[in-house]
Amino acid sequence: MRPEAIASLLPRVFRRTIGAGSPLEAVIEVMAELQTPCEQRIEELDVHLDPWRAPEASLPFLAAWVDLERLFDPAWLADETPDAAVAPISSGTWCLRRLIACAADLSRMRGTRRGLATFLEVATGHAGFAIRDDVRGKDGRPIAFHLRIEAPPASAPHEALIRRIVDQEKPVHVTYELDFANRTNGGAR
């Protein structure tokens, strides 16, 4: 706040005593300086709420707002002072930023094959996930309520993250198997 704005808030009797070098002028100048850091924070608040511009240290906070902390690596969560240089998910901060930005759309698609495949692609940064519900057992008969998730081989380092996502996004009564070997298409995004 500018000193003139602060002075305008004072009663008229006080404003009359403000003069160059007066104690009241000094107090108003100090008040104006004390407001500067708060005003700067408020001006850049949008930066901290935008997943693409937010500092990395703010990403876990933003992820919690959109219910994504459930995907964080348990070892990262167990650390009471997580290292800001280490991402809470194995695929890194870029994928976490993308997940936060896409959270509303992913939530709308929840419970669908397309939604699960899209969630996995966004979270790992690899395209080419396929969700098959026509899985057959060794006897050739369909396995009821069972999925085969065919993942691109390049996403194998993120298996634990993939399993956390599938466990939380699939219907509770559905079982699944994760297959990295049968996918030949799909690469890094």
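Where a number appears in this text, it was derived from the coordinates with a stated rule and is not lab data. Worth saying up front: this structure is predicted, and the values here are computed from it rather than measured. Glycine gets a Cβ as well: all are built from the backbone with ideal geometry, and neighbour counts include every protein chain shown.
Structure data summary
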item: DSSP-assigned coil residues among GluC sites (Glu not before Pro) in the range 7-73, each with at most 13 further Cβ atoms within 10 Å; result: GLU44
item: Zone residues, the range 93-119, relative to ASP134, backbone N less than 20 Å from point 7 Å out along Cα-to-Cβ; result: 112-118
item: Residue-by-residue Karplus 3J(HN,Hα) for the range 52-58, coefficients 6.51, -1.76, 1.60, Hz, glycine and proline x; result: 7, 10, 5, x, 4, 5, 8
item: Mean projection area, nm², convex hull over Cα of the range 47-108; result: 3.9
item: Spin-label pair GLU69/THR175, simplified geometry with 7 Å Cα→Cβ offset, distance in nm; result: 3.4
item: For the chain, the spread of Cα positions along each principal axis, largest first, Å; result: 96, 29, 29
item: In sequence order, calculated HN-Hα J values of the range 163-176 (Karplus, 6.51, -1.76, 1.60; Hz; x Gly/Pro); result: 5, 4, 5, 4, 4, 8, 9, 6, x, 4, 7, 8, 9, 8
item: Antiparallel DSSP beta bridges within the chain, percent to nearest 5; result: 50
item: Relative contact order, percent, the range 47-108 [alpha-carbon distance under 8 Å, six or more residues apart]; result: 39
item: Lys, Arg +1 and Asp, Glu -1 on Cβ, resulting dipole of the range 47-108 about Cα centre, debye, nearest 20; result: 320
item: Using distinct alpha-carbon pairs, which all enter the 1/r mean, Kirkwood radius of the range 126-174 in Å; result: 12.0
